[in-house]
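*Asks:* Please read through the structure below; I'll follow up with questions.
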Amino acid sequence: MKTCSINNIWRFALCLFAAAMISLGCPAADDTIHDKVDEMPTYKGGNDALMKFICDNMVYPKEAINSGTEGRVVVQFLIEKDGKVSARKVVKSVSPQLDAEALRVSKLINNWTPGKIKGEAVRCHFTLPFVFKLN
């Protein structure tokens, strides 16, 4: 009969633990989504270019004009390490029409420099307000 040393027991336990983590599908450390970063993501061309892009592409929904609906829709999205945008959602709603328009325009905005921590690009949340104001 073969005897097991303490080292072999620990190695076996470590292998079981690693196998369990892999089978559970634990996310890799680099898939972490950050809310705070050293360098915030920036739209290529800066804030002025972002505001111009939004103004050029946003269309006030006719239903909202007819009902006199105004307000600020806040959209949160995820900026990936490569600067692409994903996981858009409305976090402050005004009306279904204004929310839909803010989401539509946010889907067009994809030209970002990602956020960074210690100089390394990371995935992070970004929140952007869309203001709808009738003249």
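The values are calculated or read from the model by the stated rules, or taken from the named source; none is laboratory data. Small disclaimer: the values here were computed from a predicted structure and weren't measured. Every residue, glycine as well, gets a Cβ built from its backbone with ideal geometry; the counts of neighbours run over all protein chains shown.
*Asks:* For Ala20, which of the numbered conditions (1) modelled with pLDDT of 95 or more; (2) over 14 Å from the mean Cα position of the chain (by Cα) fails to hold?
*Replies:* Going through the list (1) modelled with pLDDT of 95 or more; (2) over 14 Å from the mean Cα position of the chain (by Cα), Ala20 breaks only (1).
*Asks:* State the number of residues belonging to region 46-78 that are part of a strand (DSSP E or B) and under 23 Å from Trp112 (Cα atoms).
*Replies:* 7
*Asks:* Something else about it: For residues that are in contact with a helix residue (DSSP H, G or I) (Cβ under 6 Å, 6 or more places away or on another chain) and part of a strand (DSSP E or B), tally how many sit in region 79-100.
*Replies:* Residues flagged as in contact with a helix residue (DSSP H, G or I) (Cβ under 6 Å, 6 or more places away or on another chain) and part of a strand (DSSP E or B) within region 79-100 amount to 2.
*Asks:* Tally the residues that are crowded, with 19+ Cβ neighbours inside 10 Å, charged (D, E, K, R) and either modelled with pLDDT under 95 or farther than 28 Å from Glu70 by Cβ (or both), restricting the search to region 90-135.
*Replies:* So the answer is 1.
*Asks:* Shifting gears a bit: Give the residues of region 66-91 that are farther than 15 Å from Leu108 by Cβ, charged (D, E, K, R) and out of contact with any Lys or Arg (no Cβ under 8 Å at 6 or more places or on another chain), sorted by residue number.
*Replies:* Within region 66-91, Asp82, Lys89 meet the criteria.
*Asks:* Please find, within region 37-81, the residue that is nearest to Gln97 (Cα to Cα) out of those that are within 12 Å of the chain's Cα centre (by Cα) and of a type in the set (D, E, K, R).
*Replies:* Glu80
*Asks:* In region 79-99, what residues are of a type outside the set (S, T, N, Q), over 12 Å from Leu128 (Cβ atoms) and in contact with a strand residue (DSSP E or B) (Cβ under 9 Å, 6 or more places away or on another chain)?
*Replies:* Step one: list which residues in region 79-99 are of a type outside the set (S, T, N, Q), which gives 79-85, 87-92, 94, 96, 98-99.
Next cut, over 12 Å from Leu128 (Cβ atoms) only: 80-84, 87, 94, 96, 98-99.
Listed by number, the residues that qualify are Glu80, Lys81, Asp82, Gly83, Lys84, Ala87, Val94, Leu98, Asp99.
*Asks:* Spot the failing condition for Leu103; the list is (1) in contact with a Pro (Cβ under 9 Å, 6 or more places away or on another chain); (2) in a helix (DSSP H, G or I); (3) not acidic (Asp, Glu), and only one is missed.
*Replies:* Among (1) in contact with a Pro (Cβ under 9 Å, 6 or more places away or on another chain); (2) in a helix (DSSP H, G or I); (3) not acidic (Asp, Glu), the lone unmet condition for Leu103 is (1).
*Asks:* Lys36 fails exactly one of the following numbered conditions: (1) under 19 Å from Pro129 (Cα atoms); (2) modelled with pLDDT of 95 or more; (3) not hydroxyl-bearing (Ser, Thr, Tyr). What is the number of that condition?
*Replies:* Every listed condition holds for Lys36 apart from (2).
Okay, residues lined up against (1) hydroxyl-bearing (Ser, Thr, Tyr); (2) in contact (Cβ under 8 Å) with a residue 60 or more places away in the chain; (3) touching a Gly at 6+ places or on another chain (Cβ under 7 Å):
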site	(1), (2), (3)
Ile79	no, no, yes
Lys84	no, no, no
Lys89	no, no, no
Val94	no, no, yes
Asp99	no, no, no
Arg104	no, no, no
Pro114	no, yes, yes
Asn135	no, no, no
